[in-house]
Each structure stands twice: as structure tokens, then as C-alpha cells.
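Take a look at the structure below.
Derivation of every value follows stated rules applied to the coordinates shown; laboratory data play no part. Note that the structure is predicted; figures quoted are calculated from it, not measured. We place every Cβ from the backbone using ideal geometry, glycine too, and count neighbours over all the protein chains shown.
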Amino acid sequence: MSAVNDTKFKSIIFLLTKLPSHGDVYLWISIPFCFMYVISIVGNSIILFAVKTDPSLHEPMYIFLSMLAVTDLGISISTMPTILGIFLFNSREISLDACLAQLFFIHLLQCIESSLLLLMAFDRFIAIHNPLRCAAILTLPRIAKMGLVAVLRAVAIILPLPFLLKWFQYCRANFLSHSYCVHREVMNMACSDITVNIIYRLFTKLFQMGLDSLLIFLSYVMILKTVLSIASHEERLRALNTCVSQLCALLLFYTPEISLTVIHYFGKGSLPLLQIVLGYISLLLPPLMNPIVYSVKSKHLRARIIRVFIK
């Protein structure tokens, strides 16, 4: 821990926190965490392998899905060392540099995932509104450029965060309330003026989550308008069925994120256990459930995965 007059940033140590529990219970808690990480890594890796090896899956929807799988793998890998380290080995200490690196990658990958969900909503609108020209509109080079823009946008938004936190003095008891580092937690440990960080954090939330969720909502309004214009009832159901898996992914990603934001800004420190649980859900549940949801709902992807295991 750091004193007020400690200017050696490399000596600053943060202490991670486990879930509230007792003694040997932590070992049992680590089992579901290990299970979730194994399922997340294996599931997303299988998605990537299936899309890469099957030419029939080289369509915009599956290419965006493979991008989402890469992002989910990155989130799992970014959080795994500290979460499993604290539950399995009681490794609570993390240096400032390691903490800043972890929070950078966590927020970066979450920002990229938000952009990918927006691109996937746009893909569903094109596929339903103009299915015959979908492949001509969303070509592979165009999809690659859209993915690159999503990455560059995320880097531009998130990159200032660790640099703003780097030059703070940390004079409080540096006990983080999670098993990983996030911007809000580290920012609150500082004894310097954090007004700039608060304003910038609000800007990033509005520009990332607020703008993306608004555009996704508008995309689905246009999708619904297009579906209602279809005369056949069966065709309407078939068109809506193609959106079910992405709607599940949207709920998995945005529900805990929006809930955490509302609690942080309006709860004023209330419900700490709920904040901790929602924090774990927002990081661990989407990488775990996205491969399962898409594999169950996509007939072609499911068939390809079955062929992989049969071989």
C-alpha cells in the first residue's frame, strides 16, 4: 500500500477481494469459475474452428460471430489470472501496472463487443430487408474494415484511461471490491482530484454503451417494421427467428452493464454484494453463453459442430 508522499508508482500494490464467504468454501467456489472458463474457451474456440473450416459458414452473420468469439476469448483470458489466482491460490496482490493493463484490456474488449453487437444488428437488418443483396453489401473486405473501425474506436476511447490513472497518488487502503481491476474501482482509490476521470468515464459510457444501444434499438425498430410488412405469417416467424440468438447476446451483455451503471450513479454505494455479483456476470456470462446460444439457434453452425465431434 502507498503513503501520501510515495511517488514511486511501481511500489503501489492493490489487494483484490474474494466473494464474501468462509474458509474452505472458496475452494468450492473456484470449481464453477474453472468450469465457466473451460466452457467459455472451448466453446468460443469451437465456433472459430467451425467458421474457419467450413466455407458454407463464410457469411456475414458467422464472420461477425467469429469476431465476437475472439472478443469473448480475450475477455476470459484477461480476467482468468486474477479471478482463479485469488480463489485457488489466495493470490491477492496486484501491482499498479498489472492492474492498469488488466483494466485496459477488459474495457477495450467490452467496447469492441458492444460495437460488434451493433454491427450484427445492422447485418440482421440488411439480411431481412434485402436478403438477395446482403452478400453483395456486406462483402469480406467491407466486413474487415468495419471490424477494424470497431477496434480503432475502442482503442481511441479506452487508451486514455490507464494514463489518467497512472499519475494519481494512491494513499488509501487499496482494497478493491472485485477479483479483477476496473476503472471505477482504481479511480476511487486515488487521493488526487479525480474530476477529470469522472467526466471522462461518463463520456465513455455515453459514447460507447449509450450510442451503441440507441443504434441497436433503431436497427431493431427497422427490422420489426420490415418484418411486419411481410405478408406471409410463416415468413415473419422465420425472419424473427434469425434474430433470437442476437437478442439473447444483447440481453446477456447490456442487462448487467446497464444495471451496474444505474447502481453506480444512483445507488450511491448501496447494494455492494449485488454490484459484485453483477460485475462477475457482466464479464463471465457473455463469453460462456454466447457460443451455447448461437450453437443451439443456428442449424448450420450446429450441424458443422456435430460433424467436428463425430470426426
Original post:
Along the positive direction of the dipole of the chain (beta-carbon charges: Lys, Arg +1; Asp, Glu -1; about the Cα centre), which of Ser295, Ile194, Leu96 reaches farthest?
Top reply: Ser295
**OP:** Taking only Cα atoms and a 10 Å spring cutoff, compute GNM fluctuations for the chain and point out the largest among Cys171, Cys99, Cys111.
**Re:** Cys171
**OP:** Have a look at Leu285, His178, Ile29 and report the one farthest towards the positive end of the charge dipole of the chain, computed about the Cα centre with Cβ charges (Lys/Arg +1, Asp/Glu -1).
**Re:** Leu285
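Find out how many positive minus negative residues lie around Leu103, taking Lys and Arg as positive, Asp and Glu as negative, among other residues whose Cβ is under 14 Å from that of Leu103.
Once positives and negatives cancel, what remains is +1.
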**OP:** Report the relative contact order of the chain, percent, no decimals, based on alpha-carbon pairs under 8 angstrom and at least 6 residues apart.
**Re:** 28 percent
Original post:
How far is helix 299-310 tilted, in degrees, relative to the longest principal axis of the Cα atoms in the chain, given as a value from 0 to 90 rounded to the nearest 10?
Top reply: 70 degrees
Subject >> Leu84 paired with Leu237, simple spin-label distance in nm, labels 7 Å along Cα-to-beta-carbon >> reply: 4.4 nm
Original post:
Hey, in the chain, which Cys have no second cysteine's beta-carbon closer than 4.7 Å?
Top reply: Cys34, Cys111, Cys134, Cys243, Cys248
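Between Cys191 and Leu251, what length comes free when the chain is fully extended (0.36 nm per residue of separation minus the Cα-Cα distance, one decimal in nm)? Walk me through the numbers before you get to the answer.
Working: separation 60, 0.36 × 60 = 21.60 nm, distance 3.65 nm.
18.0 nm is the gain from fully extending Cys191 to Leu251.
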Subject >> Computed E for Cys34/Ser177 - FRET, C-beta separation, R0 25 angstrom, nearest 0.05 >> reply: 0.65
**OP:** Pop a pseudo-label 7 angstrom from the Cα along the beta-carbon direction at both Leu215 and Asp97 and give the gap in nm to one decimal.
**Re:** 3.6 nm
Original post:
With point charges of +1 on the Cβ of Lys and Arg and -1 on the Cβ of Asp and Glu, referenced to the Cα centre of the stretch 196-311, which listed residue (Val308, Leu224, Gln246) lies farthest in the positive direction of the dipole?
Top reply: Val308
Original post:
Can you list the aspartates and glutamates whose alpha carbon sits under 19 Å from that of Lys205, skipping same-chain ones fewer than 8 residues off?
Top reply: Glu113, Glu185, Glu257
**OP:** Please report the relative contact order for the stretch 111-241, taking Cα pairs under 8 Å with a sequence separation of at least 6, and give it as a percent rounded to a whole number.
**Re:** 38 percent
Original post:
What does the charge count near Met146 come to, summing +1 for each Lys or Arg and -1 for each Asp or Glu among other residues with Cβ under 12 Å from its Cβ?
Top reply: +2
Subject >> Segment Leu202-Thr53, length gained on full extension (0.36 nm per residue, minus Cα span) >> reply: 49.4 nm
Original post:
Residues with beta-carbon under 13 Å from that of Leu285, excluding Leu285: net charge, scoring Lys, Arg +1 and Asp, Glu -1?
Top reply: -3
Original post:
So what is the calculated 222 nm ellipticity per residue for the chain, using -39500 (n - 2.57) for each DSSP H run with n of 4 or more, over all residues, to the nearest 500 deg cm²/dmol?
Top reply: -24500 deg cm²/dmol
Original post:
If you place +1 on the Cβ of every Lys and Arg and -1 on the Cβ of every Asp and Glu, how big does the dipole about the Cα centre of the stretch 76-220 come out, in debye to the nearest 20?
Top reply: 300 debye
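What list do you get for Leu57, Leu116, Leu206 if you sort them by fewest beta carbons within 10 Å?
Ascending number of Cβ neighbours within 10 Å: Leu206, Leu57, Leu116.
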**OP:** Report the calculated FRET efficiency for Leu224 and Tyr265 (r = Cβ-Cβ distance, R0 = 25 Å), to the nearest 0.05.
**Re:** 0.25
**OP:** Compute the separation of the alpha-carbon centres of the stretch 79-134 and the stretch 174-252 and state it in Å as a whole number.
**Re:** 12 Å
Original post:
Counting Lys and Arg as +1 and Asp and Glu as -1, each charge on the Cβ, what is the dipole of the chain about the Cα centre in debye, to the nearest 20?
Top reply: 520 debye
Subject >> Order of Phe87, Phe105, Phe217 under a 10 Å beta carbon neighbour criterion, fewest first >> reply: Phe217, Phe105, Phe87
